[in-house]
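Working notes, beginning with the structure itself.
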Amino acid sequence: MLNELTENQIKNMSLSELVHRMDQIRLCAHEERHRHLPPEYIFPPNLVNQFMETSLISCKDEQTKRRLADCAFRYLFQMDLVLASLGIWNRISPDYDYTQAYWSSPTYWLRTAALDQYHIIGSRIVLECFFDLIYIVDTGKRMDGKSKFGTFKKWIKESKGKDNPYIYFVGHIARAYEFDRDYRQKEVHGTSRFVHSILKLQKPDSSESDMKFQLTNILSNIWPRLLEILDGNEPNCIGGVDEEFANRYFSRKENPDDFFSFVCKLMDEKFK
């Protein structure tokens, strides 16, 4: 059983105690959420301690490590929130056939639209946390600016250029940008796609049903690759990006300047 703590108790924790607390909270939640599943279907969660033990992070000073631990926890916790919302969505869905009878119910539409809208916005918050995480690792400060896409572009171009190891994530961020413009902006600026959907009371097609997963799918598999980079290794696989980006990334050493030009052009076209 995890004990309650005050704000002062958390502030007075040593770094190792703080990281342990962060991981124990999420491990406990992970176990509680998945206790009904067979063990072979349960995958271990990503942990802050994994991040802290990488070669790049482990050599930093104590104060910097605390800030980095906080950023890592915020990213992982926000991803947990999004995944938990998917679990709730699955529970209110009577089956996986999504028959017309369910979608003819306004109440059913309201419930699913509420969760879908949160998932669109929540997954964008995950991206914000990821921006902060990789930026603070490299620069020592959180990413600022009105457009983090624009700040990301400037950082990739100006910080180490073609030798910036985080150039690996440009393909993911490009896909995330498309999701942001296609879905997230409409929701937060009052032009929600769900207004017309509920008026129709029709069963959504598969592309509409799956759109809420797009950004989460892009972001869910990048943690292991980030750990590899922080350990000074180059990822040997890439998912969730366009095929052209993947092919160019893995052949970049043949012509680094050509690859960097491709990346800069991609960011200029996408992040406007």
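Each reported figure results from applying straightforward, stated rules to the coordinates on display, with no laboratory input. None of these values were measured; they are calculated from a predicted model. Heads up, the Cβs are rebuilt from the backbone with ideal geometry, glycines too, and the neighbour counts pull from every protein chain shown.
Observations on the model:
- Relative contact order (percent, whole number), the chain, Cα cutoff 8 Å, 6+ residue spacing: 22 percent
- The lysines whose alpha-carbon is closer than 22 Å to the alpha-carbon of Lys212, local same-chain residues fewer than 8 away aside, are Lys148, Lys186, Lys200, Lys203, Lys270.
- Charge dipole magnitude, Cβ of K and R +1, D and E -1 - the chain, Cα centre, debye nearest 20: 800 debye
- Part-to-part distance (alpha-carbon centres) for region 208-233 and region 1-35, which is given in Å: 24 Å
- For the chain, the convex hull drawn through the C-alpha positions has a volume of 166 cubic angstrom per residue.
- The simple Förster model, with R0 at 41 Å and r as the Cβ-Cβ distance, assigns His189 and Asp231 a FRET efficiency of 0.50.
- Most positive-pole-ward Cα, Thr6, Ser206, Met22, against dipole of the chain from beta carbon charges: Thr6
- Within the straight-line cut-off of under 18 Å between alpha carbons, the aspartates and glutamates reachable from Lys60 are Glu17, Asp70, Asp132, Asp138, Glu228, Asp231, sequence neighbours fewer than 8 places apart in one chain being disregarded.
- The slack in the chain from Asp61 to Thr6, taken as 0.36 nm per residue of separation less the alpha-carbon distance, amounts to 17.2 nm.
- Alpha-carbon centroids, region 242-271 and region 175-201: separation in whole Å: 30 Å
- Backbone N under 15 Å from the Ser207 label point (7 Å along Cα→Cβ), restricted to region 152-192: 179, 182-183
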